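A short worksheet on the structure shown next.
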Amino acid sequence: MRCTHIARLLQLTGLALSLWTSSCAAEDNNIITNTIINIKHKPLDIKTFHSLRRVSPPTISPNKRGALFITSYYTPDSNKSASYLSYLDIDSGSITRLTDDRPGTTLSNPIWFDDTSFGFLRRGALYRQNLSPDAVPDLLYDPPMPITKVAYSANKGLITFVASVYPNSTLKESAMLKRTEDNRTDSAMVFDNLWARHWNEWMSVEKPNVFSLPLKHQSETEWNLDTEINLTTVLPRCPDPLTRWSIDDYTLSPTGDNVAFVTRPPFDNMTWSTNVDIYLVSTSGNSKPRLLTAHIDGMSSSPVFSSDGRRLAWLQMETPGCESDINRIYVHNIAARETIAISYDWDLSPSSLVWSKDDKTIYTVTSTQGRNIIFSVDVATGKRKELTLVGSAWGLRPIDEQNMLFVHSTQDQPADIHLLNTYSRRTKQLTYVNKEALKDLKLCVPEDFLFNGAHGDKVHGWLLRPYDFDQRKKYPLALLIHGGPQQASIQSFSHSQWNPNMYSNAGFVTVVINFHGSPGYSKNFTDSIRHKWGDLPYVDLMRGIDFVTSKYKFVDSTRMAALGGSYGGYMVNWLNGHTDKFKCMVAHDGKFSTVSGYYGTDELWFPEWDLGKPWEIAGRTILEENNPERFASNFKTPTLFIQGEKDFRIPVSESLGAWTMLRRRSIPARFVYFPDEDHWINKMGNSMRWYTEVLDWITTWTNTTAPYHIR
């Protein structure tokens, strides 16, 4: 009776039922002890974590009976990644592997040609294969330049794809120009306009364009390929080829008649404007692209056609300059040329869209209360319904009016493909790609908590107990601080550097807090971070730590570590100047100076909106108020700094500067530098080294013995 009552209360506060069960079970500790005391599981160590398999979203067959999906994995001993394609029979759940998985080979972008044959990309070329485990793939299209994002229309007999090309050049001409460029006698790059670089690349004249290519099926083994058509060449000319039109994303209509693509207008204000537009163009290439978002200067994204191809939906931010604005759902009637916003009263921000098969409903994944949940939105009324309760969903693929496939994970379960009945809201897991790897592991389950944060607002967090937990012992604490700051930690299984289970399995009570600025709790809660980077989140984190250390008596408040990346790295620097609660810290790609960070970053709209322009009095005041470097004389906590050379969002000088300051003052600090990484750690070998350095650092400074050898 007690557990049922608590479950109902948690549902009313928006917290997920299944996440409550672990907390309830933890309170009834005698039951747990009596049940599992004789069971000994292995910890999730660094090597095992990086060996776990990953599954792609499914691609449903034309007859709706099956789906293709990719399984990818990494082998630490050989430092090789591989992937293979499988067929999932939806009714029976049986899985048939279709391709090999030779080490060092990867494939992507599965598409269906018909019910008995499919295609995929490998090394930028398109292959075709019959639906048989014994079939051998045939090279269907070997383009002069690598292609990505392939789609196929059987109705029109064509494929569409994205390829990076030189101005006014075909794929073949671009390949020749690239060879000439590679043989230059100098390496100089000359820039007159912003952007000079973005994310991890310096700007070049090669830009992604979207193409269509007629593809006729002559016989079972023969296909006739025509000449590719660049669907973006008739866009207005841009005087600077380094900042000309670039296609960020596109979608092909189910009828094959149209393509909708996403692009940023190549104007002088590209680095400080969030204006991103959506265009509609015929796949024939005989018409000029039609701008659908001329009336608004916010960021447009995620276009998707209705099943009949008559309407286009997309996500639209409406506030110019604000990249963390709430996403609205826009629906455009192509024939009538009319656009409406639906479910406009929604205080949450959806992140992806897909139409139901009858075009009466739009399904969306939306962050709420630390979960990525599937919602249905009635197109006519805007009425919403929550279809899932726990974890993180993505890759929605409707089968019919009642069923859809999707990818789902929780913090203690890596991603697999599930089946959802949208009427009953029942789900069924269909794949178990890590079943063998997980059988001897005991992953930790999050326990939700709420506390009074800044302004007296309720702030949500969760805690993972350490591996081989014994309530009679005291354990060190690891505080993981998310980036953004207008992002949120999500209760999903992440393969990145911030998986909470990696810290709990190293012996730490692991705490995650979605402080002010985190989406999923209301628009006002997210917007409150503006001009207050060092204020509200700091208050939330300090009060959250006080709450945890007072409620959970097994936490040793004298052995705590704070870790964060991006904004989380900024906050680690801010903490270092404002508190001595922590024995050590880890700052990954974190901003040290809000002023120098402004001048060195690639996207200026972000610091300008959140903080201000440093040459203006008002902006300079806000930047300095939130500047960790201003408090450098207070830094005293040993800190590990990690930085990628190719990170143009937070340049290497930020981490290097903070590290230099600490070492010059004889404060213990370490600088780990990855010359081949950007804002993230993308290479698996580097990720293993990242975890080795981080876990070694925090176990050493907190005097913790991990349950396995870290080095």
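Counting only DSSP beta bridges whose two residues both lie in the chain, roughly 80 percent are antiparallel.
The calculated Kirkwood hydrodynamic radius for region 343-440 is 14.0 Å, given to one decimal from all distinct C-alpha pairs. Simple spin-label estimate for LYS385 and MET542 gives 4.7 nm between the two label positions (7 Å along the Cα-to-Cβ direction from each Cα). Taking the longest Cα principal axis of the chain as reference, the axis of helix 17-27 is set at about 20 degrees. Gain on full extension, evaluated as 0.36 nm per residue between ALA135 and HIS198 minus their Cα-Cα distance, stands at 18.5 nm.
Taking the number of Cβ atoms within 10 Å of each Cβ as an exposure proxy, the fewest-first ranking of ASP134, ASP115 is ASP134, ASP115. Farthest towards the positive end of the charge dipole of the chain, among the residues PRO320, ALA67, VAL572, is the Cα of VAL572, using unit charges on the Cβ of Lys, Arg, Asp and Glu.
Measure out, as a whole number of angstrom, how far apart the alpha-carbon centroids of region 150-183 and region 43-85 sit. Going from one Cα centre to the other spans 29 Å.
Taking a straight Cα-Cα cut-off under 12 Å and skipping sequence neighbours fewer than 8 places away in the same chain, the aspartates and glutamates within cross-link reach of LYS435 are ASP416. Treating the angle as unsigned and between 0 and 90°, give the value, to the nearest 10°, between the Cα long axis of helix 652-664 and the longest Cα principal axis of the chain. Roughly 20 degrees, rounded to the nearest 10.
As a ratio to 2.2 N^0.38 Å, the alpha-carbon radius of gyration computed for region 470-542 takes the value 1.25. With both labels modelled 7 Å from their Cα along Cα-to-Cβ, the SER219 to ASP580 distance reads 8.4 nm. Within the same chain, lysines fewer than 8 places from LYS613 are excluded, and of the rest, those with a Cα less than 22 Å from its Cα are LYS532, LYS591.
Only lysines eight or more places from LYS439 in sequence, or on another chain, were considered; those with a Cα closer than 23 Å are LYS40, LYS42, LYS47, LYS428. Each residue of region 106-123 was assigned a 3J(HN,Hα) from its phi angle through the Karplus expression (A = 6.51, B = -1.76, C = 1.60, θ = phi - 60°), giving 9, 10, 7, 6, x, 9, 9, 8, 7, 6, 10, 8, 9, x, 7, 9, 9, 6 Hz with x at Gly and Pro. Calculate I(q)/I(0) for region 236-336 by the Debye formula, one identical point scatterer on each C-alpha and no solvent, and give its log10 at q = 0.14, 0.15, 0.16, 0.21 Å⁻¹ to two decimals. Once normalised to I(0) and log-transformed, intensities are -0.53, -0.61, -0.69, -1.11.
Packing here is the average count of other Cβ atoms within 10 Å per residue, and on that basis the peptides 384-394, 583-593, highest first, run 583-593, 384-394. Among 177-189, 563-575, the peptide with the highest mean count of other Cβ atoms within 10 Å heads the list, and the full ranking is 563-575, 177-189.
Cβ crowding within 10 Å, taken as a proxy for footprinting-reagent exposure, orders LEU604, LEU68 from fewest neighbours to most as LEU604, LEU68.
The distance linking region 493-563 with region 252-274 is 37 Å (Cα centroid to Cα centroid, whole angstrom). The trypsin sites (Lys or Arg not before Pro) of region 393-442 that DSSP puts in a loop, and whose beta carbon has at most 14 other beta carbons within 10 Å, are ARG425, ARG426, LYS439. Which pairs, out of LYS149/LYS383; LYS473/LYS551; LYS581/LYS683; LYS646/LYS683; LYS156/LYS178, put more than 24 Å between their alpha-carbon atoms? From LYS149/LYS383; LYS473/LYS551; LYS581/LYS683; LYS646/LYS683; LYS156/LYS178, over 24 Å: LYS149/LYS383; LYS581/LYS683; LYS156/LYS178. Each Lys and Arg contributes +1 and each Asp and Glu -1, all at the Cβ; summed about the Cα centre of the chain, the dipole is approximately 1620 debye. Of the peptides 619-627, 289-297, the order by per-residue mean of other Cβ atoms within 10 Å, starting with the highest, comes out as 619-627, 289-297.
Just so you know, all these numbers are worked out from the coordinates, no wet-lab data involved. All values reported here derive from a predicted model rather than from experimental measurement. Because the Cβ atoms are built from the backbone with ideal geometry, glycine has one as well, and the counts that use them run over all protein chains shown.
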